[in-house]
1. Give me the percent relative contact order of segment 2-98, please, defined on Cα pairs under 8 angstrom at least 6 residues apart.
2. What's the extension gain from residue 115 to residue 14 if we count 0.36 nm per residue and subtract their Cα-Cα distance?
3. Could you give the angle, 0 to 90 degrees to the nearest 10, between helix 129-140's Cα long axis and the longest principal axis of the Cα atoms of the chain?
4. With an 8 Å cut-off on Cα pairs and a minimum separation of 6 or more residues, tell me the relative contact order of segment 58-158 in percent.
5. With springs only between Cα atoms under 10 Å, which of 56, 23, 45 fluctuates most in a Gaussian network model of the chain?
6. With a 10 Å cut-off between alpha carbons and a GNM built on the chain, which of 26, 106, 74 moves the most?
7. Relative to a virtual label point 7 Å from the Cα of residue 53 in the Cα→beta-carbon direction, which members of segment 1-33 show backbone nitrogen distances below 13 Å?
8. Do the sum for the chain: with -39,500 (n - 2.57) for every DSSP H run of n ≥ 4, divided by all residues, what is the mean residue ellipticity at 222 nm, to the nearest 500 deg cm²/dmol?
């Protein structure tokens, strides 16, 4: 993913697309900061060209998701403040981020994965919702929002 990102930055710079370049650089910066945090947290000592190389692909997806969430929330705030121009900018950045995120699951696919997880665990009541959520998260791996997962689990267990 880092190679794809750096190549995309170079392409955006060649095309003189300032917004795309800025957005992609902010993603790279988010990866670097997350890599530095992980290195410090886990006491990693090996040397790498970029701290972002300490991240797994799952961790990179989490970083991208949080960046996308920030942009969605910002766009909502800008709309509430009657700043359509800034909301549009955030939405364009969100589209750029979407290029790097895994394809989202459809409602049907999400329901099937959660039904499988419930069957594996043998959950029968809402008291076991936490177990189902914990087991479902790795399978879904950034392809669905936590709220959507929670809603489906509640529906199926309730």
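Computed from the coordinates by the stated procedures, all read-outs in this text should not be read as laboratory data. Bear in mind that the values here come from a model prediction, so they are computed numbers and not experimental data. Because the Cβ atoms are built from the backbone with ideal geometry, glycine has one as well, and the counts that use them run over all protein chains shown.
1. Values: 74 pairs, mean separation 23.9, N = 97.
25 percent.
2. Values: separation 101, 0.36 × 101 = 36.36 nm, distance 4.73 nm.
Gain in length upon complete extension: 31.6 nm.
3. 50
4. 28
5. Per the Cα network of the chain with a 10 Å cutoff, 45 tops the list.
6. 106
7. Within reach of a label on residue 53, which here means backbone N under 13 Å from a point 7 Å along Cα→Cβ, segment 1-33 contributes 2-3.
8. Numbers: 7 runs with 116 residues, N = 158.
For the chain, the value works out to -24500 deg cm²/dmol.
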